[in-house]
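In what follows, a single structure is set out as structure tokens and then discussed.
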Amino acid sequence: MRSLHLLAPSSFSLVLFDCQCQISSHLLFPHNLNNGIARASRKLKISQFKASFWESIRSGFVKNNMTRVIEPPSLPDEEEEEPLLEEFVLVEKTEPDGATEQIIFSTGGDINVYDLQALCDKVGWPRRPLSKLAAALKNSYMVATLHSVRKSSGSEENDQKMLIGMARATSDHAFNATIWDVLVDPGYQGQGLGKALIEKLIRALLQKDIGNITLFADSQVVEFYQNLGFEPDPEGIKGMFWYPK
């Protein structure tokens, strides 16, 4: 098993990349997170000192050559963290018949589990119980989606909306997050959408002041994640797994 360390991209742009994003055996870790985004919480008291990456993982610090120790303000017990709601058009194109298609990125919205199951079928993932899929979505810290919305010329009543991509993250809501279930409809792969989906999800996590971001990847897509800034085995750290025997 290998681990990768994330170097958060400094710019977010669509490029062509043919990738079938799946999860499995390789653990990937964050590295050198973008300073401009990581400073989202400017009211926090920040001091700096050197520390190893392993110490930063254990303590939940953000490493960028110098580890930054963050002292969060105390919050009332009754105050709950608000979900980050974001939605915008990622891509828009016009069809020969005058219809338009928009690829919309969003976080915080509800996902129909039947739509998700259909998407999993398209990428060849084994079926999982719908009740567990629903529970996984409900208990995720953040869920990011890509939808294709086709609009017929001169009419809004015939709009067709289809789930074409998803990624979700679990988190301790303070220091760490792990990205799961990254998938893009095969008919939309090779257009840079998987890259955009992960970049936008990372940005959203950084806006929540989550610094340590990890994920699992099949061996054939490790290079895809390396191109997004993830680094294998930072300072020799290995992903450890326990399975029932």
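Under 18 Å from a label point set 7 Å out along the Cα-to-Cβ vector of Ser152, the amide N atoms of the stretch 84-104 belong to 94-102. Charge dipole of the stretch 91-229 (Cα centre as origin; +1 on each Lys and Arg Cβ, -1 on each Asp and Glu Cβ, all else neutral): 400 debye, rounded to the nearest 20. Between the beta carbons of Phe88 and Leu130, assuming R0 = 30 Å, the FRET efficiency works out to 0.55 to the nearest 0.05. Our estimate of slack between Phe241 and Glu223, defined as 0.36 nm per intervening residue step minus the Cα-Cα distance, is 4.3 nm. The per residue volume of the convex hull around the alpha-carbon atoms of the stretch 91-229 is 124 Å³. Checking the table Lys195/Lys238; Lys200/Lys245; Lys208/Lys245; Lys132/Lys161; Lys93/Lys138; Lys93/Lys132 against a 31 Å threshold on Cα-Cα, which pairs fail? Where the Cα-Cα span goes over 31 Å, the pairs concerned are Lys200/Lys245; Lys208/Lys245; Lys93/Lys138; Lys93/Lys132. Phi-derived couplings, Karplus 6.51 cos²θ - 1.76 cosθ + 1.60 at θ = phi - 60°, listed residue by residue for the stretch 120-137: 4, 4, 5, 8, x, 7, x, 5, 10, x, 4, 5, 6, 4, 5, 5, 4, 5 Hz, with x used for Gly and Pro. Evaluating 6.51 cos²θ - 1.76 cosθ + 1.60 at θ = phi - 60° for every residue in the stretch 89-94, the Karplus couplings come out as 7, 8, 9, 9, 9, 9 Hz, glycine and proline recorded as x. Here the label points at Asp110 and Asp172, each 7 Å from Cα along the C-beta direction, are separated by 3.3 nm in the simple model. For the listed peptides 210-221, 167-178, a ranking on the average number of other beta carbons within 10 Å per residue, highest first, reads 210-221, 167-178. Taking a sphere under 11 Å around the Cβ of Ile164 and counting the other residues whose Cβ falls inside, with K and R at +1 and D and E at -1, yields a net charge of -1.
The H on the amide N of Gly108, modeled in the peptide plane, is under 5 Å from the matching H of Val143, each at least 5 residues off or on a different chain.
No lab work stands behind these numbers, since they all come straight from the coordinates. Just so it is clear, the structure is predicted and the values come from calculations on it, not from any experiment. Because the Cβ atoms are built from the backbone with ideal geometry, glycine has one as well, and the counts that use them run over all protein chains shown.
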